[in-house]
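These notes are about the structure you will find just below.
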Amino acid sequence: MTDKPKVWLNNKIIPWDDAQVPILSHGFARGSAVFEVFGTHAVPDGIAAFRMDAHLKRLEQTVSLLGMELGFSIQEIVKAVSKLAVINLSERGLVKIVAYWGEEAIINLVLKSKLDVAIFTIPTSEELGLDKVKPLSACISKWKKLHPETIPVQAKACANYLNGYLVRKDANDRGFDLGLNLGTDGFLAEGSIESVFIVKDGILKTPPLGRILASVTRDSIINAAKHDDIEVCETALVKEDLYTADEIFTCHTGIKVTPIFRFEELELKAPGPVTTQVSEMMNNIINSRDSRFKEWFQMLYRH
Ligand SMILES: Cc1ncc(COP(=O)(O)O)c(C=O)c1O
């Protein structure tokens, strides 16, 4: 990044390069940091965040699931995001919020202090590839999804992404773009950083909540699809459902819908007709062309 945006850190606006933690901090050396990411979009009268309320609710839930406490209220974080968006003139991009114990903790595993909060705005770029839809290949990873009784998988905790890293690396080592993982019970879970949908006989199917992250994009697709009379079914899926799918796509905040053109050795139409419909539906929503969902935007600043 050439002109690095400013960072909001514990109520101070500081240069990007000054946003650092000690190597022996609990958040880094014990991997206990948590985070949230959501998109910012140009809307007709300014810049808005897409479903910031849902993302901040998930942040609260993450912190509570892990028995932690944020150093700032959600209202204070909302104000901070708006302030930072004005300072950095954020348009299309991402907001990343990281909450963490910045203090060094060499022996002590359970800390009582409140979490530090850092907020970053990340402008879209060639590398980030927001809004650039490129069909990808996917496989089933040899790594299983974390069992919900080992760690809360609904928590957006940095430590959970070691599993995501292994899944993606396994897929890349085998020549695929993405890995999807099954739970230890053999049912389909999700990708490293994405939820997964299949299309079978015109019906959208996706694994139910419980063993996966409660993705905000997944929720948006399910809700909007119902409004557009696309049948959606949240149901347990197995590997064979992927092998016999008509279409497969993944989704996450950064890229709303990514068609899968190859799953293992199965070639798929990418995008197929239903994926195209869902993709257009989401593009219309995030580009403010669908007024039915305007409450999904929270204004960060007005021109
Ligand atoms: C494991 C996992 N699943 C799904 C998603 C998609 O979630 P969202 O739509 O809220 O970005 C993410 C996003 O980071 C993720 O990390």
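The values are calculated or read from the model by the stated rules, or taken from the named source; none is laboratory data. Because the structure is a prediction, the values reported are computed rather than measured. As a convention, Cβ positions derive from the backbone with ideal geometry for all residues, glycine included, and neighbour counts pool all protein chains shown.
Observations
- Sub-7 Å Cβ pairs linking a first residue in the range 61-88 that is not assigned by TED's automatic domain parsing to the domain that holds residue 213 and hydrophobic (A, V, I, L, M, F, W, C) to a second residue that is part of a loop (DSSP other than H, G, I, E, B) and crowded, with 19+ Cβ neighbours inside 10 Å, at least 6 apart or interchain, are 65/155; 66/155, ordered by first then second residue.
- Matching residues in the range 1-50 - criterion: being among the basic types (Lys, Arg) and part of a loop (DSSP other than H, G, I, E, B): 4, 30
- Criterion violated by residue 224 - all others in (1) within 17 Å of the chain's Cα centre (by Cα); (2) among the aliphatic types (A, V, I, L, M); (3) modelled with pLDDT of 95 or more satisfied: (1)
- Scope the range 218-235; condition without any contact (Cβ under 8 Å) to a residue 60 or more places away in the chain and in contact with a strand residue (DSSP E or B) (Cβ under 8 Å, 6 or more places away or on another chain); matching residues: 218, 222, 225, 226, 230, 231, 232, 233, 234, 235
- Flag: residue 26 does not match the condition of being under 16 Å from the mean Cα position of the chain (by Cα) and either away from the ligand (no atom under 13 Å from the Cβ) or buried (at least 16 other Cβ atoms within 10 Å of the Cβ) (or both).
- Restricting attention to the range 181-199 and to residues that are β-branched (Val, Ile, Thr) and in a strand (DSSP E or B), the residue that is surrounded by the most Cβ atoms within 10 Å (Cβ to Cβ) turns out to be 196.
- Among the candidates 177, 116, the residue that is in contact with a strand residue (DSSP E or B) (Cβ under 9 Å, 6 or more places away or on another chain), of a type in the set (D, E, K, R) and away from the ligand (no atom under 16 Å from the Cβ) is uniquely 116.
- Scanning the range 195-227 for residues that are of a type in the set (Gly, Ala, Ser), farther than 19 Å from residue 286 by Cβ and within 11 Å of the ligand (Cβ to nearest atom) yields one hit, 214.
- All told, residue 64 meets the bar of being hydroxyl-bearing (Ser, Thr, Tyr), part of a helix (DSSP H, G or I) and away from the ligand (no atom under 16 Å from the Cβ).
- Residue that is surrounded by the most Cβ atoms within 10 Å (Cβ to Cβ), among those in the range 216-271 that are out of contact with any Lys or Arg (no Cβ under 9 Å at 6 or more places or on another chain) and in a strand (DSSP E or B): 249
- Among the residues of the range 228-239, the ones that are more than 23 Å from residue 286 (Cα to Cα), within 16 Å of the ligand (Cβ to nearest atom) and not charged (D, E, K, R) come to 1 in all.
- Residues satisfying the stated conditions in the range 76-116, i.e. part of a strand (DSSP E or B), within 27 Å of the chain's Cα centre (by Cα) and farther than 18 Å from residue 128 by Cβ: 99, 100, 115, 116
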